[in-house]
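The values are calculated or read from the model by the stated rules, or taken from the named source; none is laboratory data. Please read these numbers as outputs of a predicted model, since none were measured by experiment. Cβ placement follows ideal geometry from the backbone for every residue including glycine, while neighbour counts extend to all protein chains displayed.
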Amino acid sequence: MTDDARSGLGATLRAAARAVRAGHLEAAVALYRRAADAAPADWSTHYNLGTLLLGLGRPAEAAVALRAAIARDAERPEPHATLAMALLGVGDEEAGWREYLWRREAPRLPAARPRAALPDRLDGERVAVLNEQGLGDALFFLRYAAALAARGATVVHDPFPKLAPILDRVPWLARPTAPPDRRLPLGDLPFLVAAHRSDPHPPALALSAPPRRRAAVARRLAEIAAGPWLGATWRAGVRAGGALFKEVPPARLGAALRSWPGPVAVLQRAPRPDDVAAFQAGLGRPVVDLSALNERLEDMLAVLDCLAEHVGVSSTNVHLRAGLGRPSRVLVPWPAEFRWRAGAERSPWFPDSPTYRQGAGGDWAAALERLAEDVSAASGA
């Protein structure tokens, strides 16, 4: 590349970065395409283009650019991990879970991680499945660990402390007591058990609230107000986490739930100082704030089992309620995170939970209008 060409490429990339910061994303796509044409051997221009396209909710186009980046530098983990999100988002789980092995969140193991599916029988083996990411991810990926138990393995897991009492009741899941024969990151399991062939969308990990605790929670809720109860959450994840951060304006969510005839409980983890007041103002009546129960998930599990309806963004509570065999009404930000599938009506992992999807421009109006209609119909209002 000549000095002039290199200088022109640098100017194009700087212009693309400025366009992204200014929110001119379509202009940024055109600039990154120009940069990729100018430097066809450079992996990073294709990677940046793919990442941007994925952020624009165009996973099929993103996959093309990300595969071009991998073709130019196959050992860079970033294009592989981002390609996983694109492929899983469009339902290509065989290739998507293979690329997911490259995610940076995977626990570091002393030996190279397996890159081939596990054998069909694991009789007599102790297989440790290792935590990664957060509570919701642990609950999500543990559904794939059931395949290890079905193959004859003793599955051991050292749970996050908040989940420990809940997971201790899963009959095929044991605490570590001796060195395992295998150590596997939870997020590797869909690939390692070849889930795309055997059970691509296993049901949620079956959970249960202790009967006495559930009965005590039910009595307490009845003392506060006569049901039916609805629980709501408007935010989850970490803002720096991209698609893993989800948020609906609390006042607008409250307004969408006005027709609900019974009491409404706030289940939001660590609400901001003005959030509950905004939600309450939108709802038009007082709420019961149970947000502190997110620190005591045994009690939260019992509350979730007592609710007639659960509404909110995808969160640990959605996974807990799914484990109870109960649906949630899930508000899905745009672009959709892979579990909620681009363009799908419902998630194949949460088939009983209807979704309400943010528009491509970031507008919740249509989603919240449909939510309001469905909640009204469910309540008989």
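Any idea how many residues of segment 272-296 are assigned to a loop (DSSP other than H, G, I, E, B) and surrounded by 15 or more Cβ atoms within 10 Å (Cβ to Cβ)?
2
Quick one: count up the residues across segment 138-163 that are part of a helix (DSSP H, G or I), surrounded by fewer than 19 Cβ atoms within 10 Å (Cβ to Cβ) and under 21 Å from the mean Cα position of the chain (by Cα).
Of the residues in segment 138-163, 2 are part of a helix (DSSP H, G or I), surrounded by fewer than 19 Cβ atoms within 10 Å (Cβ to Cβ) and under 21 Å from the mean Cα position of the chain (by Cα).
For (1) over 26 Å from residue 361 (Cβ atoms); (2) surrounded by 19 or more Cβ atoms within 10 Å (Cβ to Cβ), each residue gets a yes or a no:
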| position | (1), (2) |
| --- | --- |
| 14 | yes, no |
| 18 | no, no |
| 31 | no, yes |
| 49 | no, yes |
| 61 | no, no |
| 64 | no, no |
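Out of the residues in segment 185-224 that are of a type in the set (A, V, I, L, M) and over 30 Å from residue 122 (Cα atoms), which is surrounded by the most Cβ atoms within 10 Å (Cβ to Cβ)?
Ranking the candidates gives 209 first.
Looking at residue 186 and the list (1) touching a strand residue (DSSP E or B) at 6+ places or on another chain (Cβ under 9 Å); (2) in contact (Cβ under 8 Å) with a residue 60 or more places away in the chain, which single condition is not satisfied?
Residue 186 satisfies all of (1) touching a strand residue (DSSP E or B) at 6+ places or on another chain (Cβ under 9 Å); (2) in contact (Cβ under 8 Å) with a residue 60 or more places away in the chain except (2).
On the given criteria, is residue 37 without any contact (Cβ under 8 Å) to a residue 40 or more places away in the chain and either small (Gly, Ala, Ser) or out of contact with any helix residue (DSSP H, G or I) (no Cβ under 6 Å at 6 or more places or on another chain) (or both)?
Against the criterion (without any contact (Cβ under 8 Å) to a residue 40 or more places away in the chain and either small (Gly, Ala, Ser) or out of contact with any helix residue (DSSP H, G or I) (no Cβ under 6 Å at 6 or more places or on another chain) (or both)), residue 37 qualifies.
Does residue 379 satisfy being at pLDDT below 95 and in contact with a Gly (Cβ under 9 Å, 6 or more places away or on another chain)?
When the stated conditions are applied, residue 379 passes them.
Any residue that is in contact with a strand residue (DSSP E or B) (Cβ under 9 Å, 6 or more places away or on another chain), part of a helix (DSSP H, G or I) and farther than 16 Å from residue 205 by Cα - is there at least one of those in segment 318-336?
no
Kindly provide the set of residues from segment 168-184 that are surrounded by fewer than 22 Cβ atoms within 10 Å (Cβ to Cβ) and within 30 Å of residue 209 (Cβ to Cβ), ordered by number.
If the condition is that a residue be surrounded by fewer than 22 Cβ atoms within 10 Å (Cβ to Cβ) and within 30 Å of residue 209 (Cβ to Cβ), then 168, 169, 170, 171, 172, 173, 174, 175, 176, 177, 180 are the ones that fit.
Show the residue pairs that are 6+ apart or on different chains and have beta-carbon atoms under 7 Å apart, the first residue being within segment 266-282 and free of Cβ contacts under 8 Å to residues at least 40 places away in the same chain, the second being among the aromatic types (Phe, Trp, Tyr) and not in a loop (DSSP other than H, G, I, E, B).
Correct list of pairs: 266/279.
Going through segment 40-87 one residue at a time, which ones are touching a residue at least 60 places away in the same chain (Cβ under 8 Å) and acidic (Asp, Glu)?
none
Give just the number: which of (1) farther than 29 Å from residue 295 by Cβ; (2) of a type outside the set (Ser, Thr, Tyr); (3) modelled with pLDDT under 95 does residue 370 not satisfy?
(3)
Within segment 250-265, take every residue that is hydrophobic (A, V, I, L, M, F, W, C) and without any contact (Cβ under 8 Å) to a residue 60 or more places away in the chain and give me the one that is surrounded by the fewest Cβ atoms within 10 Å (Cβ to Cβ).
That would be 251.
Considering only segment 109-132, how many residues are under 23 Å from residue 94 (Cα atoms), at pLDDT below 90 and either loosely packed, with under 14 Cβ neighbours inside 10 Å or of a type in the set (Phe, Trp, Tyr) (or both)?
3
Being out of contact with any Asp or Glu (no Cβ under 8 Å at 6 or more places or on another chain), over 23 Å from residue 352 (Cα atoms) and assigned to a loop (DSSP other than H, G, I, E, B) is the filter here, so list the residues in segment 164-179 that pass it.
If the condition is that a residue be out of contact with any Asp or Glu (no Cβ under 8 Å at 6 or more places or on another chain), over 23 Å from residue 352 (Cα atoms) and assigned to a loop (DSSP other than H, G, I, E, B), then 168, 169, 171, 172, 177, 178, 179 are the ones that fit.
For segment 271-282, state whether one or more residues are on the phi > 0 side of the Ramachandran plot and not aromatic (Phe, Trp, Tyr).
No; the residues of segment 271-282 include none that is on the phi > 0 side of the Ramachandran plot and not aromatic (Phe, Trp, Tyr).
From the list 369, 345, 337, 373, exactly one residue is of a type in the set (D, E, K, R), surrounded by fewer than 20 Cβ atoms within 10 Å (Cβ to Cβ), outside the structural domain of residue 170 (by TED's automatic domain parsing) and in contact (Cβ under 8 Å) with a residue 60 or more places away in the chain. Which is it?
From the options 369, 345, 337, 373, the qualifying one is 369.
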